[in-house]
Amino acid sequence: MENSFFVDSEKLSAAALEKKHRLENDPSSRKDHMEYMEGMEIIRSDICEKVMSQVNEYDYSRYSARDVVAALEHETCSIEDFKALLSPAAEPYLERMAQKAKAETVKHFGNTVYLFTPLYIANYCENYCVYCGFNCYNDIRRMKLNMEQIEHEMKVISDSGMEEILILTGESRSKSSVEYIGEACKLARKYFRMVGLEIYPVNTDEYKYLHECGADYVTVFQETYDTDKYETLHLLGHKRVWPYRFDSQERALMGGMRGAGFSALLGLSDFRKDALASALHVYYLQRKYPHAEMSLSCPRLRPIINNDKINPLDVHETQLCQVLCAYRIFMPYVGITVSSRESESFRNGIVKIAATKISAGVSTGIGDHESKYSGKESDGAEGDEQFEINDDRSFDKMYKDMSAEGLQPVLNDYLYV
Amino acid sequence: MENNDKLVLGGKEFSSRFILGSGKYSLSLIEAAVKYAGAEIITLAVRRANTKEHENILDYIPDNVTLLPNTSGARNAEEAVRIARLARELGCGNFVKIEIMRDSKYLLPDNNETIKATEILSKEDFVVLPYMYPDLYSARELVNAGAAAVMPLASPIGSNKGLATKEFIQILIDEIDLPVIVDAGIGRPSQACEAMEMGAAAIMSNTALATAGDLPMMAAAFRAAVEAGRKAYLAKPGRVLTRGASASDPLTGFLHN
């Protein structure tokens, strides 16, 4: 069963509706998703070819229980072993995988768990990505915070005790320019020890500028590495260009960022292939940029405003757990983030096995931290959310819960030098 | 005799030869390391100490314990130097453990950059303890650069694999006139004991303790192991066969016939 993504807002004009329907129904009306648009930097890189040649030939039905057991017994997990661990044949071995993953996590990260929170500063978007609440055809309250409002939000978050922040925007260069984001980073450095970005992909010199403004970590979700599927989900806008997005993390590292985050949105396409691609994307980039810190996350599709039926299809918690364990066994040194899309019980369980970083005090809306944190009625406008979160624990609650699970919450592990 | 057997670093004497590494910190770990392992030196990652976090690690370090701030997170000599200076400003004293890693996968130290940082910081009156890959040439350069000790790794950090670099550490112990503190990879008390028996001046460990089922008991086990190894070293091991048998009739007996 596929998700049904297309929702028509009553507020769209006849012309807009006509264009939307054409994009949805007539592939020839869409731009070539493999072709760069004007202004997009092209870097010379062999990473994409390395990753995709492995992914394209991956036939997970080929792996047997014997391959899985061998993978679990090997001291170092090879790419072949990793492929076996991601296969359906590994499902009956999930407990053993979890045991091994836990041992690796403990060796590399001890009993620590990092806490952070996202801050959405704008939800304008120029793209039509059919599964996303921010998509340009979705009828939601749009908002872009000004610097004063951003500072207020940061203050509220900082007062809660949080020291690491992830700044997010919808993907609109015209509404949320690189300079606007840069100014937000400068403000963030006043309140936080560590500033990450999850914004639209930009060129190397722009990443360099944002790094100088105080950002140090760039996360870009590829959404799906299946280019044909990608084409049917990202119908309009800059985000439609798949290869420019693929090279984002490399451009970020070239621009001087300390680290990069990677992810596919599980549920959009074949999740085993997407999981393989995400991990290999990290694996090959790490070999090329050995000093860089890398992290993976594993979000699943969630319902959005005006479409509460969107779901992650065949990626249930069991499969998600399998993917996360396989990631950990294959790359023991990589940070793994599990978002508030997942339930409290899942997050409590997975931090003891494979995850090293979780968000708390999360809002995916705009300008609503004070009302969400204090229950105080908002006196200003608020922008709607990107997706529905599942685990809504506050920073305090999360800190206490993690401590109660026997873990040591870490709020900052980085020093700007 | 034992009472006079002190570890001397930067003119400061220590009775304990177990140093608690940083990285996987918790209050209970510090408590166990001090109380049961007898640790007198505790490493502290400056990147984590520099925080407004409610449970600031600094508040929990007993007064009689010497802080050893480390420069983890530094990717070159310049960054390490800046972190060391910041540590001193934060009131962490003048001991510093230099850690410079340019590989996020194995976290292996970069000896060249470490030598550069050692030279700068020792001139600024830091007591410099450099974490290094056990290479004799680098160790000699660290001595010349003003290090107070050298800290070779036993095996990759966090691996608990023990003395994978044993032969090379032995060379450093034999050739370097500074305390050799074995750092990283010590997973079991028996491995700590072995390193001490070889003549290491001290051992540093974290993961082995942090991940133990019973922290206090493991801490006590490390203390006993380090002390046993030290005593064995001081006692000068006697006839220990490493392989095969030895002839009971001397091979050179013919010289005396």
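Taking 0.36 nm per residue of sequence separation and removing the Cα-Cα distance, the A:H291/A:S29 pair yields an extension gain of 90.0 nm.
Backbone amide hydrogens, once placed in the peptide plane, bring A:E342 within less than 5 Å of A:N390, A:D391, excluding anything fewer than 5 places away on its chain. Projecting the Cα positions of A:G335, A:C129, A:F346 onto the charge dipole of the protein assembly as shown (unit charges on Cβ atoms of Lys, Arg, Asp and Glu, taken about the Cα centre) puts A:G335 furthest along the positive direction.
Annotation: the residues A:M147, B:M198, B:M204, sorted from fewest to most other C-beta atoms within 10 Å of their own C-beta, follow the order A:M147, B:M198, B:M204. Could you check what % of the DSSP bridge pairs in the protein assembly as shown are antiparallel, to the nearest 5? Taking every DSSP beta bridge within the protein assembly as shown, about 15 percent pair in antiparallel fashion.
Arranged from fewest to most other beta-carbon atoms within 10 Å of their beta carbon, B:E13, A:E231 become B:E13, A:E231. Taking a ≥ b ≥ c as the square roots of the eigenvalues of the Cα gyration tensor, the stretch A:173-320 is classed as prolate, since a/c reaches at least 1.5 and a/b is larger than b/c.
Considering only B:I61, B:A201, B:G187, the residue lying farthest towards the positive end of the dipole of the stretch B:2-256 is B:G187, judged by Cα position with unit charges set on Cβ. With contributions of -39500 (n - 2.57) from each DSSP H run of at least four residues, the per-residue ellipticity at 222 nm computed over chain A stands at -11500 deg cm²/dmol. Candidate cross-link partners of A:K31 among the aspartates and glutamates, defined by an alpha-carbon separation under 15 Å and a same-chain spacing of 8 or more, comprise A:E126, A:D228, A:E231. Each Lys and Arg contributes +1 and each Asp and Glu -1, all at the Cβ; summed about the Cα centre of the stretch A:202-276, the dipole is approximately 80 debye. Projecting label points 7 angstrom from Cα along Cα→Cβ for B:A212 and A:Y416 puts them 4.0 nm apart. Measuring r between the beta carbons of B:K35 and B:L255 and using R0 = 56 Å, the FRET efficiency lands at 0.45.
Per-residue 3J(HN,Hα) values for the stretch A:286-291, derived from phi via the Karplus relation 6.51 cos²θ - 1.76 cosθ + 1.60 with θ = phi - 60°, read 5, 5, 7, 10, x, 7 Hz in sequence order (x marks Gly and Pro). When each of the peptides A:320-331, A:108-119, A:284-295, B:220-231 is scored by how many other beta carbons lie within 10 Å of its residues on average, the order from highest to lowest is A:320-331, A:108-119, B:220-231, A:284-295.
Only DSSP H runs of four or more residues enter the estimate; each adds -39500 (n - 2.57), and after division by the residues of chain B the mean residue ellipticity at 222 nm equals -10500 deg cm²/dmol. Computed about its Cα centre, the charge dipole of the protein assembly as shown is approximately 1180 debye, with only Lys, Arg, Asp and Glu carrying charge at their Cβ.
Note on chain A: along the principal axes its Cα atoms extend 58, 51, 40 Å, ordered by decreasing extent.
Projected label points at B:Y60 and A:D8, each 7 Å from Cα along the beta carbon direction, are separated by 6.1 nanometres. Its alpha carbons considered, chain B gives a radius of gyration followed by a Dmax of 19.2, 80 Å.
The length gained by stretching the chain between A:L313 and A:S64 to full extension, at 0.36 nm per residue less their Cα-Cα distance, is 87.2 nm.
Projected label points at B:Y106 and A:K102, each 7 Å from Cα along the beta carbon direction, are separated by 3.0 nanometres. Cys residues of chain A that find no other Cys beta carbon under 4.7 Å: A:C48, A:C77, A:C125, A:C136, A:C298, A:C321, A:C325. The phi-based Karplus calculation (6.51 cos²θ - 1.76 cosθ + 1.60; θ = phi - 60°) puts the 3J(HN,Hα) values of the stretch A:398-413 at 5, 4, 5, 4, 5, 4, 5, 7, x, 9, 9, x, 10, 9, 8, 9 Hz, whole numbers, x for Gly and Pro. Think of each Lys and Arg Cβ as +1 and each Asp and Glu Cβ as -1; about the Cα centre, that makes the dipole of the stretch A:91-410 roughly 920 debye. Farthest towards the positive end of the charge dipole of the stretch B:2-256, among the residues B:S122, B:V34, B:A221, is the Cα of B:A221, using unit charges on the Cβ of Lys, Arg, Asp and Glu.
Computed from the coordinates by the stated procedures, all read-outs in this text should not be read as laboratory data. Just so you know, these numbers come straight off a predicted model, no measurement behind them. All Cβ positions, glycine included, derive from the backbone under ideal geometry; neighbour counts span all protein chains shown.
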